Amino acid sequence: MAGVDEAHSPHDRAAEGHHEMVAQPHSDGEGPVAEAELLAAEMSSDEQPLGSLGRRFNRRSPFYIGLTASAGVAVTYGVVRVLVSLSEMLVLIGVAFFLALGLEPAVSWFVNRGLRRWLATTLVFVIFLAAMGAFVAAAIPPLAQQAGDLIHQVPHYLQQAQDHSSAIGRLNDRFHLQQRITDAINGSGGSALNEAVSAGTAVFGALADFLIAIVLTVYFLVDMPRIRTTMYRLVPHTRRPRAILIGDEVFSKVGAYVLGNVLISAITGAATFIWLILFGVPYPLLLAIFVAVLDLVPIVGSTIAGVVVAAVAVTVSLPVCVATIVFFVVLRLVEDYLLVPRIIGRVVKVPALITVVAVLIGGALLGIVGALVAIPIAAALQLLTQEVLYPRLDEV
């Protein structure tokens, strides 16, 4: 027994709680810390090498209350400062997570059919990139031709603006369009070189942000199960089952909204392309893509696109312009009362008033990005209100 005690002296047992790769050599001069290391060695086990949870702090202690209050103020101030300084990057992260939730139904569909997560994510992105590549390959030649034709026709349109008998000339006489455009160009200030540098910087920044968002989307998709588990681990154990039901419902709403919005925009762009072809409006493919992209922005996107297309239709004739305006009004009604309820409305279920208010607030806060994510965020808040807030208020 003496040999055993000598082999495991207090110094040796305390050394077991002192990490062999930290602050060596271990000595008896550590005083009270050596005593704590002795207890640490006894607390560590194979099942819990870092020990078990200790007792909770006394939350009624004046010291604890004061420390918590002061720390809360300091942390809140620090968090606000950090969020402000990282606002642009946080927007990119939010957009990437939003896109990941939109692609998650497709990835989960492949996973449910036996593919590994990384392979399903790769397959979804390959399909997406292949579709985009095929579209770009098919669209770039006519887009380049139509853009060149537009640049070539600009002097002709300016000449028509001077002709008081033409439709464009009458519009110019009434609204002074040419003067407004000239004033806007002259009022922009700066030399052509500075404007070119600014435009190049903006394009480079947009491309960099786009690539960052794509990379983040891939990482979010691959790690979505781990991200989901981590988020639910932050919820207390007793409330975790309820949080899982509500959280998964919110995720599914966001995914359905993203896919549905893209599908509706594609339908709108295709219908616009057919209309422009039938009535001989110039630059049909260019304008159809413009309409499809702007239609992704709820409420105001399709309206702005319709105004631009109608302005181009004036170059054909005034009746074609009026017919184009009527077409976009009908298309908007079909989208709002047929496509959206059937494709998105069954899942999202956000009233029209909340949709308009959410888009206006989102656009005011974050611009186009805010308008894009406003409706799914409103759907999530509506679900939380119905499932959590209202039942709590009814119990009071």
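FYI, it's all coordinate maths here, none of it is from the lab. Note that the structure is a prediction, hence the values are computed from the model and not measured. Cβ coordinates were reconstructed from backbone atoms using ideal geometry, including for glycine residues, and neighbour counts include every protein chain displayed.
Starting from the Cα-Cα distance between residue 231 and residue 304, subtract it from 0.36 nm times their residue separation and give me the gain in nm to one decimal.
Values: separation 73, 0.36 × 73 = 26.28 nm, distance 3.90 nm.
Full extension of this stretch gives 22.4 nm more.
Report the full-extension gain for the segment residue 334 to residue 126: residue separation times 0.36 nm, less the Cα-Cα distance, to one decimal in nm.
71.6 nm
To the nearest 0.05, how large is the calculated FRET efficiency for residue 270 and residue 50 if R₀ is 51 Å and r is the Cβ-Cβ distance?
0.30
So which trypsin sites (Lys or Arg not before Pro) in the stretch 26-110 are both in a DSSP loop and have at most 15 other Cβ atoms within 10 Å of their Cβ?
Qualifying residues, ordered by number: 55, 56, 59, 60.
Could you tell me what a quarter of the Cα convex hull surface of the stretch 240-396 works out to, in nm² with one decimal place? Before the final figure, lay out each step's value.
Details: hull surface 41.7 nm².
So the mean shadow area of the Cα hull is 10.4 nm².
Label the stretch 58-127 by shape, choosing from rounded, prolate and oblate, from the square roots a ≥ b ≥ c of the eigenvalues of the Cα gyration tensor; if a/c is under 1.5 it is rounded, and otherwise prolate applies when a/b is larger than b/c, oblate when it is not. Show your work: numbers first, answer last.
Numbers: a/c = 6.14, a/b = 2.35, b/c = 2.61.
Here the stretch 58-127 falls in the oblate category.
Based on the alpha-carbon gyration tensor of the stretch 324-378, what equivalent-ellipsoid semi-axes (square roots of 5 times the eigenvalues) come out, in whole Å, largest first?
One finds semi-axes of 21, 16, 8 Å for the stretch 324-378.
Spelling out what I want: for every residue of the stretch 41-48, take phi, set θ = phi - 60°, compute 6.51 cos²θ - 1.76 cosθ + 1.60 (Karplus), and round to whole Hz; glycine and proline get x.
The phi angles translate into 5, 6, 6, 6, 9, 5, 6, 10 Hz.
If you count, for each residue, the other Cβ atoms within 10 Å and average over each peptide, how do 82-91, 262-271 line up from highest to lowest?
262-271, 82-91
Quickly rank 106-113, 378-385, 42-49 as a protection proxy: mean count of other C-beta atoms within 10 Å, highest first.
Ranking the peptides 106-113, 378-385, 42-49 by packing returns 378-385, 106-113, 42-49.
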